[in-house]
Structure formats: C-alpha cells, structure tokens
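Undergrad: Structure provided below as structure tokens; questions to follow.
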Amino acid sequence: MWEFPTFFMLFTGSLLISVLGILLILKRPQLLGVDSPDGYRKQHTKPISRLGGLPIFIALCSGFVVLAIRRPDFLGEWTPVIIGNVIVFGVGFLDDLHPLGARVKLLGQIGAALILYSLGLSIDNLSNPLGDGTMSLGWWSLPVTVLWLIAIPNIVNLIDGMDGLASGFGMFLCLTLAFIGHYTLKPDISLVSTVMGGALAGFLIFNFPPAKIFLGDGGAYLIGFFVASVSLMSSNKGSIMASLLVVLIALGVPILDTAFAILRRAIRGVPIFRADAEHIHHRLITLGYSKGQALVGLYAVCLVLSLAGISILMTKGLAFPVVAALCFLLAVGAARYLGYIRSWANLRNQFREALQRRRVREYIRCHGTLLEMEVERCKTADEFVRLLEHSIGRLRLSKSPGPATEPVAIGSSGNKRLLLYQPAARDESDEWVERVHALDLAVMRAFEKWVDLPGFHCISRSSPLPDHQPISDHVS
C-alpha cells in the first residue's frame, strides 16, 4: 500500500515540474500561441501565452513514468487513459498554436473517446444510486461513453474565461478523484489524481488573477478529459456508480454555466459555440464583485458541491435526494441572482423579448450573408461599396464619426482593416457585436478581391483605433 510520503512527493514533484515549465515559457518571447486582448471578452491588458497546458502535460507524463517504474503492471491498466489524454491534449495544443476550427477539435475528441472505448474503457451499466440493481446499456454503451468523454472537456473549456477558474476547478476535481480512489481502495486513481492536482496547483500560482499565462485549449481539454477518463477507471465493472455521480455534482458550476449558455444562445438565435461575455463569472463581475472575489466565491461553491457529492458516496446513496434538492435550489437561485431571469412574474414577457431579439439577429445575419454573396457577384469595388453602404445604414452603423459614436475595425485582411463607427451608448452590447461581426467576413473577402474599398477609411492592423477606444475587432 502506498504511504502518505509517496503522495506528498508526487504532488510536490509535479508542482515543481509545472512551475519550472511555466517559468521557461515566460522567459522566452512567444511568436505562436499568444492570446491578445480584444476589449470585449478578453479584458487582459497585454498579450499572454496560451501554452500553459504544456507544463501541466509534461508534469502528468512525468508522473505516469514514475508510477510505471514503481509498479510494472501500471502501464497495462492505464494505457487507454494515457493514449486518450495524449491525443486530446495534442489536438488542443495544436489549436493553441494555430486555430484548427471547432469541427476538427470535436473530431479529435471523438477519436480519442472511440480509442478508449475500443481498449475496454466503457460505461456498460447504469446503477441505481439509491439502492441495488443495475440496467445494462447494451449498444447504448458506445454513445453514452463517448458523450461522457467529450462533454466534460468541453464543459471545462467553456468556463475557461476568467483567470484561475478552470485550473482551480480542475484542482478541486482532481483532489475529489484522489479521495474517491482512497475510499474505494483504488490507490492508482489517488496517485494519478494527486499528480494532476500538483501540476494544476503549480500552474495556478501563475494563473491566479492577474494571470501571467493561460491554459489554452490544450490545458482545458486535458483537464476535462483527464477527469472524465479517470472517473471511468474508478467505476466498478463498467457501471456508473456513485463515484461518477460525485464527479457530476462536483462539476455543478460548469454544468450549470453550460446549460445557461446553451439556453440563452438557443433562445437568441446565435450559434451555441459563439463566445459571449455572459457566463457566470462575467455576471458576478457585472454585479460588482472583483475578479478575486468572484473566483473565491466560485471555488467555495465547487468545494461545497464536491463535499455534497462525496456524501453520496459515503452514505451509499442515502444523501442523494438532499443533494439533488440542493443542486436544484442552486440552479434556480443562480438564474435569478445572476440576472438570467429578471423576474419570475415577468418571465413570459422576458421570453418574448428574447424571441424578438432573435428575429433582429436573424435580420442582421441576413445582411452579412447577402454581402458575402455580393462580393462574388459584383464586378467592381464601386458596385460593392454601394451595397455595403446600404447595409451599414440599415444596421445603424456609420462610415464617418459622429458626436456620440466610437470606432470599430472590421474585415482584417493582410495589413488592412475597415474603420466604421457605432453608437457610443448602446443597448444590448451583444447585439451590436453581432452587427459588426455580420459584416466582417464580407469586408475581408472584398479586400482580398479589390484590395481597397473607395470612400471608406482603412487603417493598418497595427494601428490603434482613433481615440484609442477599446473596441473589439470582432468576436471569434
């Protein structure tokens, strides 16, 4: 049996490897994998490296090597987990160096999940958390396993929008998995989770506000896939036991944030994967909390939910109704306190307003789509400019400054951007971002075809906007 000094040495060693790796990254100027501020979602003041997942990955692999040396049969049991995590991190890390696109990343995650399934790591049965009895999944085992393995990495990636949030949550989840391994007499799970927890603790030193380095997609996907795959190792004979339920409850905050994001984007008619600035941490800052206060508050909720999930494991399901009620009250209270629901009495009116805004956004996107087509149809730049001016007017934008306007640059192509102006006092900021974003691709293609657009003011990519207004080029 492994002793406490072993856990301490693994945690400390992993932490030190992570810290040293980050220091090496920070000392070298970055040409790739740099996250630049945009004044909208990305509020940091200077470009920051997104390669923080690399030191975490190296620390984790170092832990795997140590455990394989100390126990020869370790690799035989953990090979599926190791392969899956290497693939998922690799896909995310490549995206940090050069954007791959959402579809490519999703295909990479599905591929990793299918490999784990083919190597025998699967969810074959659903057990009753309140008592005895299981239900065989049959052919549903494959989609359920794949869904589990790709959902958690994307949930973790979705909340990676504030310094220290995803990495802190990941550390709590790893410590929770370490306890599960200890309680269920599976020391390998405790050891591996301790290694990952140490790596995240070292990273958190540099990621706590104000962050000096970011996780990037590689780090966020690695955390999520690690938690998903190791939690499967903790289940008995392919059953979803209380240990997996613990992970779901500990993930309560990011799952709730994901649910809110999907609902609001579906109602508003915007793509589900379109980034916005209305996540739970954004709402807390809007309510007046500092980044540090918001982060500590979310950590506290994560800790409480982790303990609540562990109580289900320790009481053999007896605490499940109480924990379920707690999660329901948390979801309802958060929806109201964070302003997603302005008033229960006027909920129907709020829903109608959201549907009306959805129609407005559809109208906005139609202008952008039509202009993209017109780039191909128009013979001259002057012909396209007349259509562009019409759309700009219909979208309440302007090509010249006014007394209450602020600049925004769109259509980056080569070293050129088109300068427009939008109202300085705007309602529904996301809607105005949508207006600018709708024209972005059409203008970029127009630059590629005609080089210049007569009658419009253009600036270089490196030039600041007039009056140095912190307006986003576009939302990616």
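Undergrad: With the structure loaded, tell me whether Ser167 is assigned to a helix (DSSP H, G or I), in the same structural domain as Gly52 (by TED's automatic domain parsing), under 30 Å from Gln293 (Cβ atoms) and among the hydroxyl-bearing types (Ser, Thr, Tyr) or whether it fails that test.
TA: yes
Undergrad: Another question about this same structure. Of the residues Ala409, Ala334, which is of a type in the set (Gly, Ala, Ser), part of a strand (DSSP E or B), at pLDDT 85 or above and buried (at least 17 other Cβ atoms within 10 Å of the Cβ)?
TA: Ala409
Undergrad: Here is a further query. Quick test for you: out of Gly218, Gly161, pick the one residue that is of a type outside the set (A, V, I, L, M, F, W, C), in a loop (DSSP other than H, G, I, E, B) and either assigned by TED's automatic domain parsing to the domain that holds Asp73 or out of contact with any Lys or Arg (no Cβ under 7 Å at 6 or more places or on another chain) (or both).
TA: Values: Gly218 fails: in a loop (DSSP other than H, G, I, E, B).
It is Gly161.
Undergrad: In the range 172-222, which residue that is among the small types (Gly, Ala, Ser) and closer than 30 Å to Gly101 by Cβ is modelled with the highest pLDDT?
TA: This residue is Ala199.
Undergrad: Does any residue of the range 338-358 turn out to be of a type in the set (A, V, I, L, M, F, W, C), surrounded by 14 or more Cβ atoms within 10 Å (Cβ to Cβ) and over 30 Å from His390 (Cβ atoms)?
TA: Scanning the range 338-358 turns up at least one residue that is of a type in the set (A, V, I, L, M, F, W, C), surrounded by 14 or more Cβ atoms within 10 Å (Cβ to Cβ) and over 30 Å from His390 (Cβ atoms).
Undergrad: Counting only residues that are of a type in the set (S, T, N, Q), modelled with pLDDT under 85 and in contact with a Lys or Arg (Cβ under 8 Å, 6 or more places away or on another chain), which one in the range 414-462 is nearest to Met373 (Cα to Cα)? Walk me through it before giving the result.
TA: In the first step, residues of the range 414-462 are kept if they are of a type in the set (S, T, N, Q); the result is 415, 422, 429, 460, 462.
Next, only the ones that are modelled with pLDDT under 85 stay: 415, 429, 460, 462.
Those still in the list that are in contact with a Lys or Arg (Cβ under 8 Å, 6 or more places away or on another chain) too: 415, 460.
Working: Asn415: 23, Ser460: 25 Å.
If we take residues in the range 414-462 being of a type in the set (S, T, N, Q), modelled with pLDDT under 85 and in contact with a Lys or Arg (Cβ under 8 Å, 6 or more places away or on another chain), then Asn415 is nearest to Met373 (Cα to Cα).
Undergrad: Could you tell me which numbered condition Leu371 fails, if it satisfies all but one of (1) surrounded by fewer than 18 Cβ atoms within 10 Å (Cβ to Cβ); (2) in contact (Cβ under 8 Å) with a residue 60 or more places away in the chain; (3) within 24 Å of Val436 (Cα to Cα); (4) not small (Gly, Ala, Ser)?
TA: Unmet condition: (1).
Undergrad: Scan the range 273-281 and tell me whether some residue there is touching a helix residue (DSSP H, G or I) at 6+ places or on another chain (Cβ under 9 Å), in a helix (DSSP H, G or I), at pLDDT 85 or above and outside the structural domain of Phe8 (by TED's automatic domain parsing).
TA: Yes, the range 273-281 contains at least one residue that is touching a helix residue (DSSP H, G or I) at 6+ places or on another chain (Cβ under 9 Å), in a helix (DSSP H, G or I), at pLDDT 85 or above and outside the structural domain of Phe8 (by TED's automatic domain parsing).
Undergrad: Restricting attention to the range 299-337, which residues are under 30 Å from Pro209 (Cα atoms), touching a helix residue (DSSP H, G or I) at 6+ places or on another chain (Cβ under 8 Å) and without any contact (Cβ under 8 Å) to a residue 40 or more places away in the chain?
TA: Here is the first cut: in the range 299-337, the ones under 30 Å from Pro209 (Cα atoms) are 299-310, 326-327, 329-337.
Subset that is touching a helix residue (DSSP H, G or I) at 6+ places or on another chain (Cβ under 8 Å): 299, 301-303, 305-306, 308-310, 326-327, 330-331, 334-335.
Across the range 299-337, the qualifying residue is only Leu326.
Undergrad: Mind checking which residues of the range 198-215 are of a type in the set (Gly, Ala, Ser) and either buried (at least 24 other Cβ atoms within 10 Å of the Cβ) or not in a helix (DSSP H, G or I) (or both)?
TA: Gly198, Ala199, Gly202, Ala211
Undergrad: For residues that are out of contact with any Ser or Thr (no Cβ under 9 Å at 6 or more places or on another chain), closer than 23 Å to Val230 by Cβ and small (Gly, Ala, Ser), tally how many sit in the range 84-111.
TA: Looking only at that region, the number is 4.
Undergrad: Within the range 334-368, which residues are under 21 Å from Tyr421 (Cα atoms) and not charged (D, E, K, R)?
TA: Val360, Tyr363, Ile364, Cys366, His367, Gly368
The values are calculated or read from the model by the stated rules, or taken from the named source; none is laboratory data. Not measured: the values here are computed from a predicted model. Glycine gets a Cβ as well: all are built from the backbone with ideal geometry, and neighbour counts include every protein chain shown.
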